[in-house]
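The values are calculated or read from the model by the stated rules, or taken from the named source; none is laboratory data. What you see is a predicted model, and the numbers here were worked out from it, not measured in a lab. Note that we place each Cβ from the backbone using ideal geometry, even for glycine, and neighbour counts take in every protein chain shown. Heavy atoms of the whole protein, side chains included, go into the accessibility calculation; ligands, DNA and RNA do not. Shrake-Rupley method; radii C 1.70, N 1.55, O 1.52, S 1.80 Å.
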Amino acid sequence: MNTDAIRRDALAIGLATGAYAISYGVLAVASGLSVAKTCAMSVLVFTGASQFAVVGVLGAGGSVGAALAPALLLAARNALYGLSLVPVLRGRLPMRAAQSQLIIDESTAMARAQADPGLARRAFLLTGLSVFVFWNLGTLIGALVGSGLGDPRALGLDAMFPAAFLALLAPQLTTPAARIAAVSGGLLAIVLVPLTPVGVPVLAAALGVIPGVLAMHRAGRRPA
(Lines give C-alpha, C1' and ligand atoms only; values in the text may rest on other atoms or scores of the structure.)
Protein backbone atom coordinates (compact mmCIF):
# COMPACT_ATOMS: atom_id res chain seq x y z
CA MET A 1 0.00 0.00 0.00
CA ASN A 2 1.42 3.40 -0.96
CA THR A 3 1.08 6.71 0.83
CA ASP A 4 -1.86 7.90 -1.28
CA ALA A 5 -3.79 4.70 -0.57
CA ILE A 6 -3.04 5.00 3.14
CA ARG A 7 -4.23 8.60 3.16
CA ARG A 8 -7.42 7.68 1.34
CA ASP A 9 -8.18 4.73 3.63
CA ALA A 10 -7.42 6.77 6.74
CA LEU A 11 -9.87 9.47 5.65
CA ALA A 12 -12.57 6.89 4.88
CA ILE A 13 -12.12 5.23 8.26
CA GLY A 14 -12.27 8.60 10.01
CA LEU A 15 -15.49 9.59 8.24
CA ALA A 16 -17.16 6.26 9.05
CA THR A 17 -16.11 6.48 12.68
CA GLY A 18 -17.32 10.06 12.91
CA ALA A 19 -20.79 8.99 11.79
CA TYR A 20 -20.70 6.30 14.48
CA ALA A 21 -19.68 8.91 17.07
CA ILE A 22 -22.91 10.82 16.52
CA SER A 23 -24.80 7.95 18.15
CA TYR A 24 -22.42 8.05 21.11
CA GLY A 25 -23.03 11.79 21.55
CA VAL A 26 -26.80 11.29 21.51
CA LEU A 27 -26.64 8.42 24.01
CA ALA A 28 -24.23 10.20 26.34
CA VAL A 29 -26.45 13.25 26.68
CA ALA A 30 -29.49 11.00 27.09
CA SER A 31 -27.72 9.17 29.94
CA GLY A 32 -27.33 12.43 31.86
CA LEU A 33 -23.96 13.79 30.75
CA SER A 34 -23.69 17.40 29.71
CA VAL A 35 -22.48 18.35 26.25
CA ALA A 36 -19.14 19.44 27.76
CA LYS A 37 -18.65 16.15 29.66
CA THR A 38 -19.65 14.14 26.60
CA CYS A 39 -17.08 15.91 24.45
CA ALA A 40 -14.41 15.75 27.16
CA MET A 41 -14.77 11.97 27.33
CA SER A 42 -14.15 11.68 23.60
CA VAL A 43 -11.05 13.88 23.81
CA LEU A 44 -9.55 12.26 26.91
CA VAL A 45 -10.73 8.65 26.72
CA PHE A 46 -10.96 8.25 22.94
CA THR A 47 -11.94 4.61 22.80
CA GLY A 48 -15.43 4.03 21.52
CA ALA A 49 -16.24 0.69 23.13
CA SER A 50 -15.37 1.98 26.61
CA GLN A 51 -17.31 5.19 26.06
CA PHE A 52 -20.40 3.27 24.95
CA ALA A 53 -20.02 1.01 28.00
CA VAL A 54 -19.99 3.99 30.36
CA VAL A 55 -23.01 5.74 28.90
CA GLY A 56 -24.89 2.46 28.56
CA VAL A 57 -24.51 1.65 32.25
CA LEU A 58 -25.22 5.21 33.36
CA GLY A 59 -28.26 5.37 31.11
CA ALA A 60 -29.60 2.18 32.70
CA GLY A 61 -29.30 3.72 36.15
CA GLY A 62 -25.95 2.25 37.19
CA SER A 63 -23.35 3.99 39.33
CA VAL A 64 -20.11 5.54 38.10
CA GLY A 65 -18.17 2.65 39.64
CA ALA A 66 -20.33 0.09 37.83
CA ALA A 67 -19.81 2.01 34.59
CA LEU A 68 -16.03 2.22 34.95
CA ALA A 69 -15.43 -1.51 35.51
CA PRO A 70 -16.50 -2.76 32.05
CA ALA A 71 -15.06 0.37 30.43
CA LEU A 72 -11.61 -0.29 31.88
CA LEU A 73 -11.83 -3.94 30.90
CA LEU A 74 -12.58 -2.98 27.30
CA ALA A 75 -9.84 -0.35 27.29
CA ALA A 76 -7.24 -2.88 28.45
CA ARG A 77 -6.93 -4.22 24.92
CA ASN A 78 -5.34 -0.94 23.85
CA ALA A 79 -2.44 -1.63 26.21
CA LEU A 80 -1.83 -4.90 24.36
CA TYR A 81 -2.00 -3.06 21.06
CA GLY A 82 0.68 -0.72 22.39
CA LEU A 83 3.12 -3.61 22.84
CA SER A 84 2.84 -4.48 19.16
CA LEU A 85 3.30 -0.83 18.15
CA VAL A 86 6.53 -0.14 20.03
CA PRO A 87 8.52 0.24 16.76
CA VAL A 88 5.94 2.71 15.46
CA LEU A 89 5.95 5.08 18.45
CA ARG A 90 9.12 7.12 18.04
CA GLY A 91 10.74 10.08 19.73
CA ARG A 92 11.26 11.03 23.35
CA LEU A 93 8.91 9.90 26.10
CA PRO A 94 6.52 12.92 25.89
CA MET A 95 6.19 12.43 22.13
CA ARG A 96 5.56 8.70 22.48
CA ALA A 97 3.02 9.36 25.22
CA ALA A 98 1.15 11.79 22.96
CA GLN A 99 1.20 9.30 20.09
CA SER A 100 -0.10 6.53 22.36
CA GLN A 101 -3.40 8.41 22.64
CA LEU A 102 -3.99 7.33 19.04
CA ILE A 103 -3.70 3.58 19.82
CA ILE A 104 -7.13 2.25 18.89
CA ASP A 105 -8.48 -0.64 16.85
CA GLU A 106 -8.42 1.21 13.53
CA SER A 107 -4.94 2.75 13.77
CA THR A 108 -3.46 -0.52 15.00
CA ALA A 109 -5.02 -2.51 12.17
CA MET A 110 -3.78 -0.04 9.57
CA ALA A 111 -0.25 -0.03 10.99
CA ARG A 112 -0.03 -3.81 11.27
CA ALA A 113 -1.17 -4.20 7.66
CA GLN A 114 2.00 -2.49 6.39
CA ALA A 115 5.19 -4.45 5.79
CA ASP A 116 7.40 -1.36 5.60
CA PRO A 117 8.12 0.29 9.01
CA GLY A 118 7.91 3.78 7.53
CA LEU A 119 4.53 3.11 5.98
CA ALA A 120 3.36 1.47 9.19
CA ARG A 121 4.15 4.63 11.15
CA ARG A 122 2.46 6.80 8.55
CA ALA A 123 -0.63 4.58 8.50
CA PHE A 124 -0.82 4.64 12.29
CA LEU A 125 -0.55 8.43 12.55
CA LEU A 126 -2.84 9.28 9.63
CA THR A 127 -5.52 6.83 10.72
CA GLY A 128 -5.30 7.79 14.38
CA LEU A 129 -5.49 11.51 13.67
CA SER A 130 -8.32 11.08 11.17
CA VAL A 131 -10.38 9.07 13.62
CA PHE A 132 -9.58 11.46 16.48
CA VAL A 133 -10.77 14.49 14.52
CA PHE A 134 -13.94 12.93 13.14
CA TRP A 135 -14.78 11.05 16.34
CA ASN A 136 -14.73 14.28 18.32
CA LEU A 137 -16.62 16.17 15.62
CA GLY A 138 -19.27 13.45 15.52
CA THR A 139 -19.48 13.46 19.30
CA LEU A 140 -20.14 17.20 19.34
CA ILE A 141 -22.83 16.92 16.67
CA GLY A 142 -24.50 14.03 18.47
CA ALA A 143 -24.39 15.76 21.84
CA LEU A 144 -25.91 18.95 20.43
CA VAL A 145 -28.61 17.02 18.60
CA GLY A 146 -29.27 14.76 21.57
CA SER A 147 -29.71 17.64 23.98
CA GLY A 148 -32.84 18.66 22.08
CA LEU A 149 -34.40 15.23 21.54
CA GLY A 150 -36.04 14.68 24.90
CA ASP A 151 -36.57 11.07 25.99
CA PRO A 152 -34.52 8.87 23.60
CA ARG A 153 -36.64 5.83 24.44
CA ALA A 154 -39.63 7.47 22.83
CA LEU A 155 -37.67 7.47 19.56
CA GLY A 156 -36.21 4.01 20.00
CA LEU A 157 -32.71 5.41 20.49
CA ASP A 158 -32.14 3.30 23.61
CA ALA A 159 -31.48 0.43 21.18
CA MET A 160 -28.39 2.21 19.82
CA PHE A 161 -26.13 1.02 22.64
CA PRO A 162 -26.68 -2.75 22.22
CA ALA A 163 -26.71 -2.32 18.44
CA ALA A 164 -23.34 -0.57 18.60
CA PHE A 165 -21.83 -3.40 20.62
CA LEU A 166 -23.20 -5.99 18.24
CA ALA A 167 -21.54 -4.07 15.41
CA LEU A 168 -18.23 -4.17 17.31
CA LEU A 169 -18.62 -7.87 18.14
CA ALA A 170 -19.71 -9.30 14.81
CA PRO A 171 -16.36 -8.94 12.96
CA GLN A 172 -14.60 -10.84 15.77
CA LEU A 173 -16.72 -13.99 15.48
CA THR A 174 -14.55 -15.63 12.86
CA THR A 175 -13.67 -18.82 14.77
CA PRO A 176 -15.72 -21.44 16.66
CA ALA A 177 -13.92 -20.51 19.90
CA ALA A 178 -14.82 -16.85 19.49
CA ARG A 179 -18.46 -17.74 18.90
CA ILE A 180 -18.49 -20.01 21.97
CA ALA A 181 -17.02 -17.20 24.08
CA ALA A 182 -19.58 -14.70 22.78
CA VAL A 183 -22.56 -17.00 23.38
CA SER A 184 -21.31 -18.02 26.82
CA GLY A 185 -20.75 -14.42 27.88
CA GLY A 186 -24.13 -13.37 26.53
CA LEU A 187 -25.98 -16.14 28.34
CA LEU A 188 -24.16 -15.35 31.59
CA ALA A 189 -25.10 -11.67 31.28
CA ILE A 190 -28.75 -12.53 30.60
CA VAL A 191 -28.89 -14.72 33.71
CA LEU A 192 -27.32 -12.01 35.89
CA VAL A 193 -29.40 -9.05 34.66
CA PRO A 194 -32.30 -9.60 37.12
CA LEU A 195 -29.99 -10.67 39.95
CA THR A 196 -27.16 -8.12 40.07
CA PRO A 197 -26.66 -4.33 39.94
CA VAL A 198 -26.42 -2.56 36.60
CA GLY A 199 -22.97 -2.99 35.05
CA VAL A 200 -22.12 -6.28 36.75
CA PRO A 201 -23.58 -8.49 33.97
CA VAL A 202 -21.42 -6.72 31.37
CA LEU A 203 -18.31 -7.24 33.49
CA ALA A 204 -19.14 -10.85 34.32
CA ALA A 205 -19.73 -11.60 30.65
CA ALA A 206 -15.94 -11.47 30.22
CA LEU A 207 -15.88 -14.89 31.89
CA GLY A 208 -17.32 -16.22 28.65
CA VAL A 209 -13.77 -16.27 27.36
CA ILE A 210 -13.05 -19.32 29.54
CA PRO A 211 -15.21 -21.75 27.51
CA GLY A 212 -13.75 -20.19 24.38
CA VAL A 213 -10.17 -20.88 25.51
CA LEU A 214 -11.11 -24.43 26.52
CA ALA A 215 -12.60 -24.97 23.08
CA MET A 216 -9.35 -23.79 21.47
CA HIS A 217 -7.34 -26.25 23.55
CA ARG A 218 -9.68 -29.10 22.71
CA ALA A 219 -9.16 -28.25 19.05
CA GLY A 220 -5.39 -28.50 19.58
CA ARG A 221 -4.74 -24.77 19.34
CA ARG A 222 -3.30 -22.26 21.77
CA PRO A 223 -4.66 -18.74 22.20
CA ALA A 224 -2.61 -16.05 20.47
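Count charges around THR3 for me, please; just the other residues with Cβ under 13 Å from its Cβ, Lys/Arg as +1, Asp/Glu as -1.
Counting the neighbours of THR3, the net charge comes to +1.
Quick check on packing: order 13-24, 206-217 by the mean number of other C-beta atoms within 10 Å, highest mean leading.
The densest-packed peptide leads the list: 13-24, 206-217.
Report the full-extension gain for the segment GLN101 to ILE141: residue separation times 0.36 nm, less the Cα-Cα distance, to one decimal in nm.
The GLN101-ILE141 span can extend by a further 12.2 nm.
What percentage of the solvent-accessible surface of the chain, computed with a 1.4 Å probe over protein heavy atoms, is contributed by carbon and sulfur atoms?
C and S atoms contribute 71 percent here.
Through the Karplus equation 6.51 cos²θ - 1.76 cosθ + 1.60, θ set to phi - 60°, convert the phi angles of the stretch 63-69 into ³J(HN,Hα) values in whole Hz; use x for Gly and Pro.
Those phi angles translate into 7, 4, x, 5, 6, 6, 4 Hz.
So what's the stretch 56-105 giving for Cα Rg divided by 2.2 N^0.38 Å, two decimals?
For the stretch 56-105, the normalised Cα radius of gyration comes out at 1.51.
Between ARG90 and VAL45, what length in nm is gained on full extension when 0.36 nm per residue of separation is reduced by their alpha carbon distance?
So the chain would gain 14.0 nm between ARG90 and VAL45.
For LYS37 and VAL193, compute 0.36 nm times the residue count separating them, minus their Cα-Cα distance, and round to one decimal in nm.
Full extension of this stretch gives 53.4 nm more.
Suppose only helical runs count, i.e. DSSP H with n ≥ 4. What mean residue ellipticity at 222 nm does that imply for the chain under -39500 (n - 2.57) per run, divided by all residues and rounded to the nearest 500 deg cm²/dmol?
Value at 222 nm, helices only, nearest 500: -23000 deg cm²/dmol.
Normalising by the residue count of the chain, find the relative contact order in percent from Cα pairs under 8 Å and 6+ residues apart.
Normalised by residue count, the contact order of the chain is 29 percent.
Once you have all Cα-Cα distances for the stretch 1-90, histogram them in 5 Å bins from zero and send the whole-percent values.
Percent of Cα pairs in each bin: 3, 13, 18, 20, 18, 12, 9, 5, 2, 0.
Write down the Kirkwood hydrodynamic radius of the chain, to one decimal in angstroms, obtained as one divided by the mean of 1/r over all alpha carbon pairs.
Here the Kirkwood hydrodynamic radius works out to 18.7 Å.
Only Lys, Arg, Asp and Glu count, each charged at its Cβ (+1, +1, -1, -1), so figure out the dipole size of the chain about its Cα centre, rounded to 20 debye.
The dipole magnitude comes to about 680 debye.
Using a probe radius of 1.4 Å on heavy atoms only, what accessible surface per residue do you get for the chain? Whole Å² is fine.
I get 54 Å² per residue for this part.
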